[in-house]
Amino acid sequence: MVPEYVERQLAREKESEQAAEEVSLPDPSAPDKTQQLVLTERSQIQMKQRQHMSCQKFPLWFTAHVVVPGFANIMALPLLTLDLTHI
């Protein structure tokens, strides 16, 4: 399983490098404004790639489904020690 993961990770890195290479710098005779636009576009593409590669946030509904029952079980522990046979 690990070699497959490594291969997939390398493929993703190659794709991101190719995407970064597709955004080429204009020729030196071009005005400075277009160079700045290209650089800002490149930085935006790189930021999107970083956001995509970063961990995604944990869903709130899943957190609630784990935390609330866990808290309820902990609160119910003292009730399990009660001796209810003499009632």
Q: Treat each spin label as a single point 7 Å out from the Cα along the C-beta direction, and report the LYS57 to GLN44 distance in nm.
A: 2.2 nm
Q.
Suppose R0 equals 30 Å. What FRET efficiency, 1/(1 + (r/R0)^6) with r the Cβ-Cβ distance, do GLU15 and GLN35 give to the nearest 0.05?
A. 0.75
**Q.** Segment ALA76-ALA64, extension gain: residue separation times 0.36 nm, minus the distance between their alpha carbons
**A.** 2.5 nm
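We did not get these values from a lab; they are worked out from the coordinates using the rules stated. Source: prediction; values computed, not measured. No Cβ is skipped: glycine too gets one built from the backbone with ideal geometry, and neighbour counts run over all protein chains shown.
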